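Reviewing the structure listed below.
The values are calculated or read from the model by the stated rules, or taken from the named source; none is laboratory data. Remember, predicted model here, so these are calculated numbers, not experimental data. Note: ideal-geometry Cβ built from the backbone for every residue, glycine included; neighbour counts use all protein chains shown.
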Amino acid sequence: MKVAVVHEWLDSYAGSERVVEQLLAIWPEADLFAVCDFLPAAERGFLSGRKVTTSFIQRLPMARRMFRNYLGLMPLAVEQFDLSGYDLVVSSSHAVAKGVLTGPGQLHVSYIHSPMRYAWDLQHQYLRQARMEHGLKGAYTRWLLHRLRLWDRSSAAGVDSLVANSSYIADRIRKVWRRDSTVIHPPVDVTRFSLGAERSGHYLIASRMVPYKRVELVVEAFRRMPDRRLVVTGDGPSEALVRAAAAGASNIEFRGRVPQAELVVLTQSARAVLAAAEEDFGIAMVEAQACGTPLIAFGRGGARDIVQTGSTPTGILFEPQSAAAIIAAVGQFEAMAIDPAACRANALRFSEAAFRERMRTHVEALLP
């Protein structure tokens, strides 16, 4: 059986690339295709020297630095890959990879990180953040996103089996593509994390400081709880807003971006980790659970798949997305007894081995 793995683009080793890494572990003989490949040499280890077949986007002017600006050409680019000689095509898609062309004698399974959020329900937020609500550039972007929506829905019809990375994404797929999907959670390297031996009593939020993460809500909540200590790690364009929300608070400590080893120690010793974003899934939340650390998370998105709230809870889900709701959730959490071993056991549901087994079983059930 000839297998092709298709990925969007390669420019860093992050969450979607970890999925590709595990797909290549399931099918080590697979050929790899991507719209473009600008992955740094230091991050190419997971490819094991594998050659990547790229599209014409790779050779366009200034593509290394500005390939995302060619988004409007990417549907055409993925349609140019000749996959006619492959029996199985597995795509890893958050934009265009699912749009590769396959025939009736081929099986195409697409692992969906998300439909194009900026083209669907988050279009208006995207335009606001990019300051393109008005003007000629804004008008062109609206037209482009309209064209992408039409292509996005039509190309979804050509996939034999859609796999969603969370129940939240399965709902989004059903909404925008009118397709059912199978939920298989993404792989998390839980072996890098272990149970913490001792809790220091601080709360932790470890996050990029970008608008949708809503870190400022967590900081505002703890400014109003001066008897509780919060450690904040990470940086980003919203850092000034986050620091302003902590003005005058002596119980909030900013560490900036910290090395991975230090972040693991902070997570292992934290009383709980907070997450205020509406995530597609939330790998960092699973990593916290792998340390035996409870979660206090916004109750929408991937957190609903991760946090256990039944007879053996591993955290608290709060709504709405507000500082007041976070304050109430912290109070509720402190009245509970959560077993670190239960958090660790919960994280193992999302291990790399579990992903490989579920994905392999799903695909084999579809093969002739």
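Quick check: anything in region 185-206 outside any loop (DSSP other than H, G, I, E, B) and loosely packed, with under 14 Cβ neighbours inside 10 Å?
At the first step, the residues of region 185-206 found to be outside any loop (DSSP other than H, G, I, E, B) are 188, 190-192, 203-206.
If we keep only those that are loosely packed, with under 14 Cβ neighbours inside 10 Å too, we end up with 191-192.
Yes, there is a match, as at least one residue in region 185-206 is outside any loop (DSSP other than H, G, I, E, B) and loosely packed, with under 14 Cβ neighbours inside 10 Å.
Go through (1) out of contact with any Ser or Thr (no Cβ under 8 Å at 6 or more places or on another chain); (2) modelled with pLDDT under 90; (3) farther than 23 Å from residue 272 by Cβ one by one and return the number of the condition residue 175 breaks.
(2)
Report, by residue number, each residue of region 196-216 that is at pLDDT below 90 and more than 17 Å from the chain's Cα centre (by Cα).
Residues satisfying the conditions are 196, 197, 198, 199, 200, 201.
Criterion first (part of a helix (DSSP H, G or I) and either in the same structural domain as residue 13 (by TED's automatic domain parsing) or over 22 Å from the mean Cα position of the chain (by Cα) (or both)) does residue 109 satisfy it? Show your work before the answer.
On the way: part of a helix (DSSP H, G or I): no; either in the same structural domain as residue 13 (by TED's automatic domain parsing) or over 22 Å from the mean Cα position of the chain (by Cα) (or both): yes.
It is false that residue 109 is part of a helix (DSSP H, G or I) and either in the same structural domain as residue 13 (by TED's automatic domain parsing) or over 22 Å from the mean Cα position of the chain (by Cα) (or both).
Looking at region 297-315 only, could you name the residues that are of a type in the set (A, V, I, L, M) and touching a residue at least 40 places away in the same chain (Cβ under 8 Å)? Spell out how you get there, then give the answer.
Taking region 297-315 and keeping what is of a type in the set (A, V, I, L, M), we get 297, 303, 306-307.
Within region 297-315, just 306 meets the criteria.
For region 269-334, which strands (runs of 3 or more DSSP E) that fit wholly inside it have 1 or more residues that are touching a Lys or Arg at 6+ places or on another chain (Cβ under 8 Å)? Break it down into steps so the answer makes sense when it comes.
Values: elements: 272-275, 295-298, 315-318.
Hits in region 269-334: 295-298, 315-318.
Among the residues in region 192-201, are any in contact with a strand residue (DSSP E or B) (Cβ under 8 Å, 6 or more places away or on another chain) and farther than 20 Å from residue 306 by Cα? Steps first, please.
First, the residues of region 192-201 that are in contact with a strand residue (DSSP E or B) (Cβ under 8 Å, 6 or more places away or on another chain): none.
Within region 192-201 (the criterion being in contact with a strand residue (DSSP E or B) (Cβ under 8 Å, 6 or more places away or on another chain) and farther than 20 Å from residue 306 by Cα), the answer is no, since none of the residues qualifies.
Applying the selection to region 89-106, what residues are hydroxyl-bearing (Ser, Thr, Tyr) and in a strand (DSSP E or B)? If you could, list the steps in order and put the result at the bottom.
Step one: of region 89-106, the residues hydroxyl-bearing (Ser, Thr, Tyr) are 91-93, 102.
Matches in region 89-106: 91, 92, 93.
Going by what's in this entry, would residue 159 be described as crowded, with 19+ Cβ neighbours inside 10 Å, at negative phi, in the same structural domain as residue 72 (by TED's automatic domain parsing) and in contact with a Phe, Trp or Tyr (Cβ under 7 Å, 6 or more places away or on another chain)? First the steps, then the outcome.
Numbers: crowded, with 19+ Cβ neighbours inside 10 Å: yes; at negative phi: yes; in the same structural domain as residue 72 (by TED's automatic domain parsing): yes; in contact with a Phe, Trp or Tyr (Cβ under 7 Å, 6 or more places away or on another chain): no.
Criteria not met by residue 159.
Sort through 277, 288 and tell me the only one that's over 19 Å from residue 336 (Cα atoms), crowded, with 22+ Cβ neighbours inside 10 Å and assigned by TED's automatic domain parsing to the domain that holds residue 222. Please lay out each step first, then the result.
On the way: 288 fails: over 19 Å from residue 336 (Cα atoms).
From the options 277, 288, the qualifying one is 277.
Are any residues in region 42-57 charged (D, E, K, R) and surrounded by fewer than 15 Cβ atoms within 10 Å (Cβ to Cβ), and if so, which ones?
Within region 42-57, the first condition is being charged (D, E, K, R), and the residues that meet it are 43-44, 50-51.
Across region 42-57, the qualifying residues are 43, 50, 51.
In region 223-262, what residues are in a helix (DSSP H, G or I) and of a type in the set (D, E, K, R)?
Looking only at region 223-262, we keep the residues that are in a helix (DSSP H, G or I), and these are 223, 239-245, 260-262.
Answer for region 223-262, where residues must be in a helix (DSSP H, G or I) and of a type in the set (D, E, K, R): 223, 239, 243, 262.
State whether one or more residues within region 68-87 are among the aliphatic types (A, V, I, L, M), touching a Ser or Thr at 6+ places or on another chain (Cβ under 7 Å) and in a loop (DSSP other than H, G, I, E, B).
Within region 68-87, one or more residues are among the aliphatic types (A, V, I, L, M), touching a Ser or Thr at 6+ places or on another chain (Cβ under 7 Å) and in a loop (DSSP other than H, G, I, E, B).
Go through (1) under 27 Å from residue 180 (Cβ atoms); (2) among the hydrophobic types (A, V, I, L, M, F, W, C); (3) at pLDDT 90 or above one by one and return the number of the condition residue 46 breaks.
(1)
Given the conditions (1) touching a residue at least 40 places away in the same chain (Cβ under 8 Å); (2) out of contact with any His (no Cβ under 6 Å at 6 or more places or on another chain), report the number of the one that residue 131 does not fulfil.
Every condition holds for residue 131 apart from (1).
Collect the residues in region 60-87 that are over 22 Å from the mean Cα position of the chain (by Cα), modelled with pLDDT under 95 and of a type in the set (D, E, K, R), keeping them in residue-number order.
64, 65
Which residue out of 272, 261 is of a type in the set (Gly, Ala, Ser) and surrounded by fewer than 18 Cβ atoms within 10 Å (Cβ to Cβ)? First the steps, then the outcome.
Details: 272 fails: surrounded by fewer than 18 Cβ atoms within 10 Å (Cβ to Cβ).
Result of the check over 272, 261: 261.
Residue-wise test of (1) out of contact with any strand residue (DSSP E or B) (no Cβ under 6 Å at 6 or more places or on another chain); (2) β-branched (Val, Ile, Thr); (3) surrounded by fewer than 15 Cβ atoms within 10 Å (Cβ to Cβ); (4) on the phi > 0 side of the Ramachandran plot.
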site	(1), (2), (3), (4)
237	yes, no, yes, no
248	yes, no, yes, yes
254	no, no, no, no
282	yes, no, no, yes
303	no, no, no, no
307	no, yes, no, no
323	yes, no, no, no
335	yes, no, yes, no
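Looking only at region 243-269, which residues are within 23 Å of the chain's Cα centre (by Cα) and closer than 25 Å to residue 332 by Cβ?
266, 267, 268 - these are the residues of region 243-269 that are within 23 Å of the chain's Cα centre (by Cα) and closer than 25 Å to residue 332 by Cβ.
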